[in-house]
Amino acid sequence: MLQFTQQHYFALKLFSALGCGLMAGVFFAFSTFVMNALARLQPKQGLTAMQSINIAAINPLFMGIFLGTAATCIFIAGSSLSNWYQTKAAYLLIGSLFYLIGTFGVTILCNVPLNDALAIADPDSANGASLWANYLTNWTIWNHVRTISALLAAAAITIALHE
């Protein structure tokens, strides 16, 4: 059986900090220019492009970082609670919760349902154009939340790396 050492724990925290930062960067790109570029297109073109992006996003690299960071944050949160006496435990817990609630949770509860509704929309219909207009606003607002949460998570976990 593998013994969990301080070096393993440091590597886990480092992976979490980097994963949170990487996800913040992906979401930042969408918040600052990708969604703006899609909004400049005709509704049919923008909707179709986003449908394609949502399909392409489900790939091993993106999902591995997104889900892997969530998994390590769960471990780090639990570990910080059981080691609350350690000086950096609060940073680890706060960082993990920012990612788990503000990034992962918001994705599952807010962005994914919007993506699911967009996936079945008919780009050629008036209903599709209306859905697209609402999607642009609502999805982007929740994406801002994910961006800020992932960035705060990366910052908090990074602070905890310095021991």
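Here, each number is a calculation from the coordinates, and none is a lab measurement. What you see is a predicted model, and the numbers here were worked out from it, not measured in a lab. We place every Cβ from the backbone using ideal geometry, glycine too, and count neighbours over all the protein chains shown.
Can you give me the number of residues within segment 140-163 that are in a helix (DSSP H, G or I) and touching a Lys or Arg at 6+ places or on another chain (Cβ under 8 Å)? Before the answer, list the steps.
Narrowing segment 140-163 to residues in a helix (DSSP H, G or I): 140-161.
Restricting the remaining residues to those that are touching a Lys or Arg at 6+ places or on another chain (Cβ under 8 Å) gives 157, 159-161.
Selection size over segment 140-163: 4.
Please count how many residues of segment 40-50 are surrounded by 16 or more Cβ atoms within 10 Å (Cβ to Cβ) and in contact with a Leu (Cβ under 7 Å, 6 or more places away or on another chain). Step through it out loud before you land on a result.
Quick first cut of segment 40-50, residues surrounded by 16 or more Cβ atoms within 10 Å (Cβ to Cβ) only: 43, 46-48, 50.
With in contact with a Leu (Cβ under 7 Å, 6 or more places away or on another chain) added as a condition, the list becomes 46-47, 50.
Qualifying residue count, segment 40-50: 3.
Only one of Asn54, Asn36 is of a type in the set (S, T, N, Q) and either surrounded by 14 or more Cβ atoms within 10 Å (Cβ to Cβ) or outside any helix (DSSP H, G or I) (or both); which? Break it down into steps so the answer makes sense when it comes.
Working: Asn36 fails: either surrounded by 14 or more Cβ atoms within 10 Å (Cβ to Cβ) or outside any helix (DSSP H, G or I) (or both).
Result: Asn54 is the single residue among Asn54, Asn36 that is of a type in the set (S, T, N, Q) and either surrounded by 14 or more Cβ atoms within 10 Å (Cβ to Cβ) or outside any helix (DSSP H, G or I) (or both).
Could you check segment 106-134 and list, in sequence order, the residues that are part of a helix (DSSP H, G or I) and more than 18 Å from the chain's Cα centre (by Cα)? So that I can check it myself, show each step before the final result.
Within segment 106-134, the subset part of a helix (DSSP H, G or I) is 106-119, 126-134.
Matches in segment 106-134: Ala117, Leu118, Ala119, Ala126, Asn127, Gly128, Ala129, Ser130, Leu131, Trp132, Ala133, Asn134.
Look at Gly95 and say whether it is of a type outside the set (A, V, I, L, M, F, W, C), buried (at least 20 other Cβ atoms within 10 Å of the Cβ), in contact with a Leu (Cβ under 7 Å, 6 or more places away or on another chain) and not in a loop (DSSP other than H, G, I, E, B). It would help to see each step written out before you state the result.
Numbers: of a type outside the set (A, V, I, L, M, F, W, C): yes; buried (at least 20 other Cβ atoms within 10 Å of the Cβ): yes; in contact with a Leu (Cβ under 7 Å, 6 or more places away or on another chain): no; not in a loop (DSSP other than H, G, I, E, B): yes.
Spelling it out, it is not the case that Gly95 is of a type outside the set (A, V, I, L, M, F, W, C), buried (at least 20 other Cβ atoms within 10 Å of the Cβ), in contact with a Leu (Cβ under 7 Å, 6 or more places away or on another chain) and not in a loop (DSSP other than H, G, I, E, B).
Residue under question is Thr140, and the condition is that it be in contact (Cβ under 8 Å) with a residue 24 or more places away in the chain, farther than 18 Å from Ala17 by Cα and crowded, with 17+ Cβ neighbours inside 10 Å; does it hold? Quick ask: steps written out before the conclusion?
Values: in contact (Cβ under 8 Å) with a residue 24 or more places away in the chain: yes; farther than 18 Å from Ala17 by Cα: yes; crowded, with 17+ Cβ neighbours inside 10 Å: yes.
So Thr140 passes the test.
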